[in-house]
Structure formats: C-alpha cells, structure tokens
Amino acid sequence: MSESVSELEFDLFVIGAGSGGVRAARMSAQFGAKVGIAEEYRIGGTCVIRGCVPKKLLVYASQYGTGFEEAKGYGWSADNLRFDWSKLIAAKDAEIGRLSGIYRRNLGKAGVEVFEERAELLGEGRVKLVKSGRVIAAKKILIATGGTPRLLGFVGEELTISSNEVFHLEKLPKKFLIAGGGYIACEFASIFAGLGVETSLIYRRDTVLRGFDDDLRTHIHQELINHGIKVITNASISAVSKQGEQLSVDLDNDEQMLVDQVMMAIGRIPAVGGLGLDMAGIEVSRSGAIKVDEFGQTSASGVFALGDVTDRINLTPVAIREGAAFADTEFGNVRHSFDHQHVASAVFTSPPAASVGLSEEDARKEFGEIDIYKDIFRPMRHVLSGAKEKYLMKLVVRASDNVVIGVHLVSDAAPEIIQVAAVAVKAGLTKDQWDQTCAVHPTAAEELVLMREKFQG
Ligand code: NDP
C-alpha cells in the first residue's frame, strides 16, 4: 500500500465536515495537531446546509401566515397578502452560503486543511480521497459522516423527495403529503400548512412523536389537526406513480391520494455506505451505526466516530459536544466524555414542543412512584387573536426525593424555555426549589413555578 501514500500525513484526519467533525477538527488544530478534513458535499453538514438552520428559517416564514391572521384580533388589517416561495428560497440559500463560508474560514483560521471531496477508509491509518486519488496517512481518524434519509423501497419511491430536496423545490406544491411521525415529518407538516399548502401527514401508528411524553404527543397530534393538517394514522405508503403533473399515492389501507409532492421523513440511517468500514475493521450495530465507547473509540485502534453516524442522540449540539470532548481527550490532555443524560430537544411544530428528562411513562418504569403536575391552558396571547391553540406545561417529579426529572412543554416559547429548564433538571433541583422561584408575570412559563396541585389521573 505504501506506493501511493502521498506526502500528506496528519495527526488527525476527519471524514465529514458537519457540526461534530468541524468542532473536533478546529479544536484539535488549536491544540497544535496537524489536522485535515474531507467533505463530499458542502462544509457545514446536515444542520447548516439542509437541516436545523434552513428548517428554522422556513419555520419563521411559515409563522407569518397565521401571524397576519391573528393580528386582526389586535386591530391590524393586512390585505392583499402574497407569499413568494422562490424569494424565500433565494434568501435562505444566501444565508446558508454565508454560514458555510464562515465554517470554511474558521477551519482555515484554525489551520485545518480542507479537502472538498469524498474520503474512504483504507485501513491501517490510511484514507483515500476518491476524486483526486490521493492517499493520506493519519495517526488518528475521526468518522463524522452523519446520517442519510431512510428509504423503504416501494414502487415509485424515486418520485418522492426527502428533507434533502425539500429545501430546493422550485415551486410551492398545492397539495403535499409527508410520510412519518417524527421530528422532520411533524415540523415540515407545520411549515407547509403555515405557508397555505394543503398538507397531509401519514403515520404508521396512532399518535405522532413516539418516544416523547404521551401528553405532549397527543397535544401536538391534535394541534397538527387544528392547524388544518390532515393526519392519516395507522397507514403507510405502498406505491407512488405519476399522474400527469401530479403523483398518485397508494396507501396500504386501500386508499389513494393525488398530490403534487410526497416527502419521506421516516427516519435517518447512519451514513456509512462505501466508507470502507470492513477494510478498517470497524464494527457496526444492527442498525448500521458505528459502535463506539464513551470516548468515541471504535473497534479499530486509532479510529474514532461521533455524531449521527454512531446513532446515539442524533442532535447537532450533541455532536458538537462529542467533538469537543474528543479533541480535549485526544489532543488537549483533558480526558473526558460527553454526558448523554438530560439532553433537551425541541420540535418546531406550530406550536412547538420541547422536552428534557424522562417522560411520565419512562419515569414510572424507572422509579415507580411519580408525581405529575400539569396544566393545559389557552395562552393570553390567543384571547384576542382568536386562535384555538392551547399550551401544555408538565413536570414529572420523583416522589421519593421530590426532584423534577422531566419537563414537557408545548408553547410558542417552549424551545426557548426548555433550555433553562434543562439547567434545573441537570442540576437535580427539587419541586420545592422550582416553587421557591418567583414567577415572571404575565408569561406562559410562570406556570412552571406555580403548579401546586398534583395531577390526579
Ligand atoms: P425520527 O426518528 O424522529 O422519526 C422517524 C419516523 O419515521 C417515526 O415516526 C417512525 O415511526 C417513522 N418510520 C420509521 N420507519 C418507518 C417505516 N419503515 N415505515 C413507516 N414509517 C417509519 O426521524 P426523522 O426522520 O423525523 O428525524 C431524524 C432525526 O433527526 C431525529 O431523530 C432527530 O434526532 C433529528 N432531528 C432533530 C430535529 C430537532 O431537534 N428539532 C429536527 C429534525 C431532525 P415509529 O414512531 O413508528 O417508529
């Protein structure tokens, strides 16, 4: 193998310039390591290029539609409203281009050498750059290739899109069908409904957002319906075919639909295809995720992995923290690993949901006796707006020591509130300590320190 090894030798070579890979590369270089990074698509990865960031911009765009409507209750009139999808996409593309540029510049400033091409493992500390054919030798290799949309393999699936393509649709569909009941499906159903698109969501079970607290799930499920989304449950797509300009969709409940676009959002799988894991002796789990220990060490010496490709908690801030812990440990002489407990997350639906800690169900399983405090109420904002939207505030408290071990919210500010609630849950504060905190009035969040009555189920 030595014949084609180039002069390029690195202390660390990172495959994948997404959130986790970039953080690990920059920090390692700042510690003095010679670092290279390869990216086959665009610097920034899923979060920046076709995930969290552009999604959030679309969420903002979608909120104006209902916002104008609700403003009428406050005396505003907004006539002749028009929405231009291509303007939004152009503005979004400009912002994503700007951010990707910043990521690239920051890598450069830290002294990381960037290779904009696909890289594959050759084993024995070597990586091949596919386009240029160069071979790189690295003392340590970090795999941070992320995930890729799951496919089902039904007839006509190639006519559907995934969250990769949804950001580049040339025109706004009139009728849109989204398959799945997780983060991506629920968020995009809210986005397109908010933009005035006739939106349907098809989910194989009965209530969306499996894995979240049941109260939050039923609340969001109902809010999707209240926001005009047709939610089809206990059904899946079995085939898609072209019918003129539209798509004819066969469902496994024998129904048929005619829509303009179908988006599959049925989960993401680790992006390991063709990476050469076998060649490098790297073990994967049954789901195809790279097996790692708490320090990101794979089964192959000198090869590490982090982020979605390890399929632990597939969230950007988690990958970033795993990347930082890796750099500290391997190049910064501070050995530590990221603690995956108490990671908060938000689902940017309308209204959004957010959670940290255990669901009521999981808490009961783990600790037995649990106290629940919850309130479902119409927020002050909607008294005049006329919107039917309701908020949910729920605390899960361990009865034995009164510690708040779960917080589950549905409210316009839920993703913002949960960040601070996560501090309290991580710190292990008791319900009494929450209650000693004075309310901020008038807010929806004040409910979190005002709920005194245990919920009797
Ligand atoms: P999720 O894992 O959240 O949801 C996948 C959905 O697809 C589930 O409803 C699942 O159903 C369904 N599904 C899985 N397999 C099949 C199948 N064979 N047929 C029909 N339905 C199926 O994945 P997403 O794609 O929504 O998102 C991927 C990941 O990205 C998330 O897990 C999350 O970590 C991250 N993400 C985070 C966001 C945020 O923080 N706001 C936003 C977007 C993504 P079932 O419940 O029955 O398993």
Might you check whether a residue that is touching a strand residue (DSSP E or B) at 6+ places or on another chain (Cβ under 9 Å), farther than 30 Å from GLU158 by Cα and open to solvent by 60 Å² or more (accessible area, probe 1.4 Å) occurs anywhere in segment 343-354?
-> no
Give just the number: which of (1) in a strand (DSSP E or B); (2) surrounded by 18 or more Cβ atoms within 10 Å (Cβ to Cβ); (3) within 13 Å of the ligand (Cβ to nearest atom) does CYS186 not satisfy?
-> (1)
Select from segment 237-256 the residues that are in contact with a Ser or Thr (Cβ under 8 Å, 6 or more places away or on another chain) and away from the ligand (no atom under 16 Å from the Cβ) and write down the one among them that is farthest from ARG118 (Cα to Cα).
-> GLN256
Tell me which residues, restricted to segment 245-271, are touching a strand residue (DSSP E or B) at 6+ places or on another chain (Cβ under 9 Å), open to solvent by 20 Å² or more (accessible area, probe 1.4 Å) and not aliphatic (A, V, I, L, M).
-> GLN246, ASP250, ASP252, ASN253, GLU255, GLN256, ASP260, GLN261, GLY267, ARG268
Considering only segment 192-212, how many residues are surrounded by 16 or more Cβ atoms within 10 Å (Cβ to Cβ), more than 8 Å from the ligand (Cβ to nearest atom) and assigned to a loop (DSSP other than H, G, I, E, B)?
-> 3
Would you check which residues across segment 227-237 are part of a strand (DSSP E or B) and open to solvent by 50 Å² or more (accessible area, probe 1.4 Å) and list them?
-> LYS230
Here are some conditions: (1) touching a Lys or Arg at 6+ places or on another chain (Cβ under 7 Å); (2) surrounded by fewer than 17 Cβ atoms within 10 Å (Cβ to Cβ); (3) outside any strand (DSSP E or B). SER301 meets all but one. Which one does it not meet?
-> (1)
Hey, does segment 373-381 have a residue that's within 16 Å of the ligand (Cβ to nearest atom) and in contact with a Pro (Cβ under 7 Å, 6 or more places away or on another chain)?
-> no
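The values are calculated or read from the model by the stated rules, or taken from the named source; none is laboratory data. Small disclaimer: the values here were computed from a predicted structure and weren't measured. So basically every Cβ, Gly included, is an ideal-geometry build from the backbone, and we count neighbours across all protein chains shown. With ligands, DNA and RNA removed, areas are computed over all heavy atoms of the protein, side chains included. Shrake-Rupley method; radii C 1.70, N 1.55, O 1.52, S 1.80 Å.
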